[in-house]
Amino acid sequence: MNERIREALNDQINAELYSSYLYLSMCAYFKRINLEGFARWLEIQALEEMTHAMKFFNFIHERGGKVELKTIQGPPTQWDSPDDAFEHVYRHEVKVTSLIYNLVDVGMEEKDHATTNFLQWFITEQVEEETTADGIVQKLKLIKGEGGGLFMLDQELGQRMFTPPPGTTILQSGM
Ligand code: FEO
């Protein structure tokens with residue numbers, strides 16, 4: 001694996017771990033404001049991001065590259081409202097999509113077809129992540145902070161189950 005690709009893939013491990021950290025921090029925020037369903041949704045999202053990091057971790061190993069874990073930046077710890085938090089989720093996922101697209105560009109420039117092929121799964125995943133986050137933002141806009149609506153959305157989000165993506169090595173947590 002060439003050095004430019006290896007460094008770019010290692011940077012993405014860090015970005016996925018930061019995503020996990022960010023969503024876990026949001027999970028703590030929702031627990032503080034007693035919206036346990038939102039908190040569960042974000043806890044599962046944090047676990048999913050960990051599986052994304054592990055996909056990159058395993059891919060670098062399989063290609064004979066060295067995994068280098070770097071310092072994870074501290075996430076924010078407070079948001080103004082559920083709307084504010086989920087607008088942040090959406091903005092963050094759009095940013096992650098652009099990181100994946102940049103990685104694909106690097107793979108193409110370096111003619112590393114194994115890497116560009118590996119990244120296809122993430123391209124599809126990012127479409128889903130952006131759509132899901134935007135869907136929750138739109139529901140929150142309709143609710144306008146009204147208690148009954150928030151309660152119902154909290155119930156809905158609390159139904160989320162954790163299903164590790166195929167091929168990931170994170171252990172089933174029984175959630
Ligand atoms: Fe790993 Fe939410 O993208």
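The values are calculated or read from the model by the stated rules, or taken from the named source; none is laboratory data. All values derive from a computational prediction rather than experimental measurement. Methodologically, a virtual Cβ is constructed for each residue, glycine included, from the backbone with ideal geometry; neighbour enumeration extends over all protein chains shown.
Would you say residue 149 is of a type outside the set (Val, Ile, Thr) and surrounded by 13 or more Cβ atoms within 10 Å (Cβ to Cβ)? Judged against the criteria, residue 149 is a match. Only one entry of 44, 5, 13 meets the criterion of being over 18 Å from residue 72 (Cα atoms), under 14 Å from the mean Cα position of the chain (by Cα) and either assigned to a helix (DSSP H, G or I) or at pLDDT 95 or above (or both), and that entry is 44.
What about residue 21, is it more than 11 Å from the ligand (Cβ to nearest atom) and not small (Gly, Ala, Ser)? Walk me through how you get there before you give the answer.
Values: more than 11 Å from the ligand (Cβ to nearest atom): yes; not small (Gly, Ala, Ser): yes.
Taking the combined requirement at face value, the residue satisfies it.
Scanning for something over 30 Å from residue 65 (Cα atoms) and of a type outside the set (Asp, Glu), does the stretch 11-26 turn up at least one residue?
Within the stretch 11-26, the subset over 30 Å from residue 65 (Cα atoms) is 25-26.
Next, from what is left, pick out any that are of a type outside the set (Asp, Glu): 25-26.
Taking every residue of the stretch 11-26 in turn, at least one turns out to be over 30 Å from residue 65 (Cα atoms) and of a type outside the set (Asp, Glu).
The helices (runs of 4 or more DSSP H) found entirely in the stretch 62-165 that carry 3 or more residues being polar (S, T, N, Q) are 82-109, 113-143. Every listed requirement among (1) polar (S, T, N, Q); (2) at positive phi; (3) in contact (Cβ under 8 Å) with a residue 60 or more places away in the chain is met by residue 51 save one, (2). Restricting attention to the stretch 152-174, does a residue exist that is more than 18 Å from residue 44 (Cβ to Cβ), at pLDDT 95 or above and not aliphatic (A, V, I, L, M)? Checking the stretch 152-174: not a single residue is more than 18 Å from residue 44 (Cβ to Cβ), at pLDDT 95 or above and not aliphatic (A, V, I, L, M).
Going by what's in this entry, would residue 74 be described as within 12 Å of residue 10 (Cα to Cα), more than 13 Å from the ligand (Cβ to nearest atom) and among the small types (Gly, Ala, Ser)? In short, no.
Could you please find all residues in the stretch 106-130 being away from the ligand (no atom under 16 Å from the Cβ) and surrounded by 12 or more Cβ atoms within 10 Å (Cβ to Cβ)? If the condition is that a residue be away from the ligand (no atom under 16 Å from the Cβ) and surrounded by 12 or more Cβ atoms within 10 Å (Cβ to Cβ), then 106, 107, 108, 110, 112, 114, 115, 116 are the ones that fit.
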